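To start, the structure under review is shown below, and the notes come after it.
The values are calculated or read from the model by the stated rules, or taken from the named source; none is laboratory data. Note that the structure is a prediction, hence the values are computed from the model and not measured. Ideal geometry is used to build each Cβ from the backbone, glycine not excepted, and the neighbour counts take in all protein chains shown.
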Amino acid sequence: MARAPLHLKLNRSIVAYAKETEPRVHLPNKTPLNSRVLVLGGTGRVGGSTATALSKLCPDLRIVVGGRNREKGAALVAMLGESSEFAEVNIDNIKSLEAALKDVDLVIHAAGPFQQTETCTVLEAAISTKTAYVDVCDDTSYAWRAKSFHKKAVAANIPAITTAGIYPGVSNVMAAELVRASRGDGRGEPERLRFFYYTAGSGGAGPTILATSFLLLGEDVIAYNKGEKIKLKPYSGMLTIDFGKGIGKRDVYLLNLPEVRSAYEILGVPTVSARFGTAPFFWNWGMVAMTSLLPAEFLRDRSKVQKLVELFDPLVRGIDGIAGERVSMRVDLECSKGRSTLGIFSHRSLSVSVGTATAAFAMAVLEGSTQPGVWFPEEPEGIAIEAREVLLKRAAQGTINFVMNKPPWMVETDPKEIGLGIYV
Ligand SMILES: NC(=O)c1ccc[n+]([C@@H]2O[C@H](COP(=O)([O-])OP(=O)(O)OC[C@H]3O[C@@H](n4cnc5c(N)ncnc54)[C@H](OP(=O)(O)O)[C@@H]3O)[C@@H](O)[C@H]2O)c1
């Protein structure tokens, strides 16, 4: 029997406690919120890291590690301790999904890739079993398909967030806060919002992230220029961006990421784009070469991309040892009165910080910040405005640099941007 959605049994004292505390949040040891959270893809890097972060953030939660591989699941459960268990789940099998969601209060879907996936089986099962939902989707089509279940989620009284995680996820909340601050302090109307991301190698994430990157190379990039939707070539439009302390200047390229459309539609900024870059530099060249040499149909074919991943994964892992796992996000907002502000979030390890960030979203849902429906992170009904600060503080645990609402000259090592004269 499915339980009532968690937001109906809010624990206000936990919310208040979280609001009072500084970055390192320790929830009370004996929280009455000893809910069950199922982490799908829990045997993978992002899911495993999320389960670990959640159990640290809120030791009273019961964590169910969901996956197809019992051995991998058992290893994580042994590490997490008594409050965790493993459940064998294949997300392509509705029966196995619904059985796993029984008596679960929140499901976190990290069993990617989300690219070229035609159905939202986990969200549908969450709605039918009345279970709160968070995913770490990083694909535009999937995210908007999830959004199309909004009315069903409202009818079922289920809070759901799509595109949680670090990017997208925390970056959307950073953008929402930059826009809100700019409108509040008379900086003028927001005119241009740009997301810049950098991850060294695979960022320590699992093989799925490699598949994700290759599949994204097969998608036209959707960006917005002065209110007009434009299509651009993937991994084009290189800019050299200064990510500040601990990261420095990095080359970034256009990619089709879901936060561009959600920020455009929800935050109402007329020009929005997203760029990504990796290291060592030759991986960027490899991505440019793949985009030019391989037909887009090949790059959109999951089984062909899977074969590419099998080929490249050992090499990427080998070079990861030298490249490290650092991750950085820089969100830039320019306003009509010529003033610019930005937010930067940098961490030594993508795989660790994505878990911390996803756990922060999960806690926000458990604490009742999310209304029934399917929401993007920048929607106030998804993460309530008053809950954003706590979410960002929790997500920023362990960062080497986290700044918000600063002018570029205060954080850059050299405020000059070298680019190709592309406006988006
Ligand atoms: N939003 C963000 O900030 C963000 C950041 C990084 C990554 N991501 C996304 O997170 C996802 C996971 O990345 P990762 O690095 O954790 O990949 P990973 O290590 O390869 O893990 C993927 C997991 O999904 C599981 N899985 C795959 N298909 C499944 C199925 N049919 N049923 C049940 N489980 C299944 C795998 O289980 P098996 O062991 O059984 O194969 C594995 O545990 C990717 O889609 C990636 O793009 C999002």
- Say whether the condition of being free of Cβ contacts under 8 Å to residues at least 12 places away in the same chain, among the charged types (D, E, K, R) and closer than 23 Å to residue 187 by Cα is met by at least one residue in the range 258-277. yes
- Query: Is it true that residue 274 is in contact with a Ser or Thr (Cβ under 9 Å, 6 or more places away or on another chain), of a type in the set (Gly, Ala, Ser) and closer than 21 Å to residue 236 by Cβ?
  - Reply: yes
- Only unsatisfied item for residue 172, checking (1) farther than 21 Å from residue 210 by Cβ; (2) in the same structural domain as residue 262 (by TED's automatic domain parsing); (3) more than 12 Å from the ligand (Cβ to nearest atom), is (3)
- Neighbours by Cβ (under 6 Å, 6+ apart or cross-chain): first from the range 346-357, within 7 Å of the ligand (Cβ to nearest atom); second of a type in the set (Val, Ile, Thr): 350/199; 350/327; 354/46; 354/166; 357/166; 357/170
- Filtering the range 325-345 down to residues that are away from the ligand (no atom under 12 Å from the Cβ) and of a type in the set (D, E, K, R), which residue is farthest from residue 54 (Cα to Cα)? 337
- Any residue in the range 36-47 that's without any contact (Cβ under 8 Å) to a residue 60 or more places away in the chain: show its pairings with residues that are more than 6 Å from the ligand (Cβ to nearest atom) at Cβ separation under 6 Å, as long as the two are six or more apart or on different chains. 43/73
- Query: residue 370 passes all but one of (1) buried (at least 24 other Cβ atoms within 10 Å of the Cβ); (2) within 16 Å of the ligand (Cβ to nearest atom); (3) not in a helix (DSSP H, G or I); which number fails?
  - Reply: (2)
- Task: For the range 147-159, state whether one or more residues are buried (at least 24 other Cβ atoms within 10 Å of the Cβ) and not small (Gly, Ala, Ser).
- Result: yes
- Task: Scan the range 275-317 for residues that are closer than 26 Å to residue 196 by Cα and acidic (Asp, Glu) and jot them down.
- Result: 313
- Give the residue, chosen from 146, 125, that is within 15 Å of the ligand (Cβ to nearest atom) and either under 19 Å from the mean Cα position of the chain (by Cα) or not small (Gly, Ala, Ser) (or both). 146
- Query: Quick check: is even one residue across the range 312-325 at pLDDT 85 or above and either exposed (fewer than 15 other Cβ atoms within 10 Å of the Cβ) or assigned to a helix (DSSP H, G or I) (or both)?
  - Reply: no
- Message: For the list (1) small (Gly, Ala, Ser); (2) closer than 30 Å to residue 263 by Cβ; (3) more than 22 Å from the chain's Cα centre (by Cα), I need the number of the one condition that residue 277 fails.
- Response: (3)
- Item | Given (1) assigned to a helix (DSSP H, G or I); (2) modelled with pLDDT under 95; (3) under 22 Å from residue 371 (Cα atoms), index of the condition residue 103 fails | (1)
- Task: Only one of these is in a helix (DSSP H, G or I) and over 22 Å from residue 215 (Cα atoms): 143, 75, 87. Name it.
- Result: 75
